[in-house]
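The values are calculated or read from the model by the stated rules, or taken from the named source; none is laboratory data. Since we're looking at a predicted model, the values are computed, not measured. For neighbour counting, all protein chains shown are included, and Cβ atoms are generated from backbone atoms with ideal geometry for every residue, glycine included.
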Amino acid sequence: MLAHGPRTAQPRHQSLAAAIEWSYRLLGKPEQLLFARMSVFSGGADLAAVHAVCAEPGTTEAGSLDLVAALVDKSMVGAVGRDGATRYRVLETLRAHGRERLAEGDPIGRRHAEYFVGLAGAAARGVQGVDERKWVERTLPDADNLRAAFAFALAERDADLALRLVAALPEVLQFRRGYEDAEWAEQALELVDRSHPLFGAGGGAAARGAWCVGDFSKGLRLAARADGLVLGPGTARSGHPADVAADIALYQGNVGAAEKYYNAQVIRARRDGDRIRLVWTLYYVAICSAVRRVPERGVAAARESLEVATATGNPTALSMARYALGLVLKKAEPERALALLDEAATLAASVHNFWWESIALMEAAATRAVHGDAGEAAGALVTVLDHWDRVGDRTQQWLNLRYVVRLLVRLGAERDAATLHHCLLAAGKPSPLGPLAAARLLDGPDGPTLAAAARHGAELSAAGAVALARDSLSRSR
């Protein structure tokens, strides 16, 4: 069979191409044109997109539906229904044939890119309102089309189109699928200088992605490129470059710098009447108080954040505010704090916001690790490990490993706790165990068992640390 493979492959391919061409020629002219134009979609599209991108001027959406239905009946287009919506897709074996049939000069590539950049912009506005879930579920199925739209903008060196897209995506994609669009933002920035009105938002998108994957040096460089640029209301929550610099300061122990920055941003958000931004900045003021170990000082900010979030009706804002209040109450009122953190996770999950859901799940698990059922906390931390591992968020994963160390000590898994403690230190990350607490583990500071755990931890990669944490927690549940 291997010997005959190359001889039979070409005739088989020619036979398939001939069958496709025969089916294509049986189509009417309007069907042929629509089939060829639908080959521009990556991962399919709904009827609204098909009509907007592919239809001839003056035609109606009902007319486009009739043509699409005819293509489905003739097996040239597939139709998949899900959650009450239908998406139409040209199979990959047919897409190349369709693209070959496009007339030279057909503007379908630009029409496709303009449509999906417009959709991303509308979604970016929509996810800051009460209809967040509707906009997320409308947009996420078109992630492949958004990628194709950016590729078109980059190939055409269309800076406006590229920056409009990357400025819109931090909340639409980064919070929900991962950080690929941060790389797009970096590429888009190379097309323009700081004078472009969207340079700051693009810089923020790129810097936030670097922060999420743990590349703080890169995040600071990208944030510095947009230093001093003013971003107005409607900017993505995570799209402010100066926020990234403040967050890095916070994670590196310079709480005062972060606190000063966010207090100033609270004043500005109030002045601008930007309620979404106000929720975000009040959240961080509360976080800074918790990091300073004076959580009671953050209660007022957290409560105001919740009050403002309630007025917006926005699920992510409500999730953030509940998280902030739960965080600053967890020592004084652990049961109430757990209820708030669980509510925060549920709200975020309801709008497919995996980032905030994971943040809330992580803090709830950490709270249970101290005040609740240790086995339940272990299971929750495994879930969070998998969340951050799936999207490659190193920044949050390192924080999660700190919570794991504390819980493993409580569970009596001292060898694994000691190993992860030394892994954190070797990576330049703080550990929840002070020198004295770490020295009391296993057989003490001069014991061979603790020394072996220290050596193992110092040699562990980030992936190895996550694997060890997952295995140890799973055995302890």
*Does Val404 satisfy being under 26 Å from the mean Cα position of the chain (by Cα) and either assigned to a helix (DSSP H, G or I) or modelled with pLDDT of 90 or more (or both)?*
yes
*Single condition Glu414 does not satisfy, out of (1) surrounded by fewer than 24 Cβ atoms within 10 Å (Cβ to Cβ); (2) farther than 21 Å from Ala453 by Cβ*: (2)
*What number of residues within the stretch 433-477 satisfy the criterion of being within 24 Å of Val213 (Cα to Cα), hydrophobic (A, V, I, L, M, F, W, C) and assigned to a helix (DSSP H, G or I)?*
9
*Which residues, counting only those in the stretch 147-168, are within 18 Å of the chain's Cα centre (by Cα) and touching a residue at least 60 places away in the same chain (Cβ under 8 Å)?*
Arg147, Ala167, Ala168
*(1) outside any helix (DSSP H, G or I); (2) under 27 Å from Glu137 (Cβ atoms): which one isn't true of Leu65, the others all being true?*
(1)
_Pair list, Cβ under 6 Å, 6 or more apart: the stretch 291-316 residue closer than 18 Å to Gly256 by Cα, other residue of a type outside the set (A, V, I, L, M) and surrounded by 17 or more Cβ atoms within 10 Å (Cβ to Cβ)_ = Pro295/Ser289; Arg297/Ser289; Gly298/Ser289
_I need the full set of residues from the stretch 20-46 which are small (Gly, Ala, Ser) and assigned to a helix (DSSP H, G or I), in order please._
Ser23, Ala36
*Can you find even one residue in the stretch 234-248 that is basic (Lys, Arg), in contact (Cβ under 8 Å) with a residue 60 or more places away in the chain and outside the structural domain of Arg164 (by TED's automatic domain parsing)?*
yes
*Considering only helices (runs of 4 or more DSSP H) fully contained in the stretch 131-225, which possess at least 1 residues that are aromatic (Phe, Trp, Tyr)?*
132-139, 143-155, 180-189, 199-212, 216-225
*Consider Glu343 carefully, then state whether it is surrounded by fewer than 24 Cβ atoms within 10 Å (Cβ to Cβ), touching a Gly at 6+ places or on another chain (Cβ under 9 Å), without any contact (Cβ under 8 Å) to a residue 40 or more places away in the chain and not aromatic (Phe, Trp, Tyr).*
yes
*Residue check, Leu424 against (1) farther than 22 Å from Arg390 by Cβ; (2) in contact with a Lys or Arg (Cβ under 7 Å, 6 or more places away or on another chain); (3) in a helix (DSSP H, G or I), all met but one. Which one?*
(1)
*Is there a residue in the stretch 353-368 that is at pLDDT 95 or above, of a type in the set (D, E, K, R) and in a helix (DSSP H, G or I)?*
no
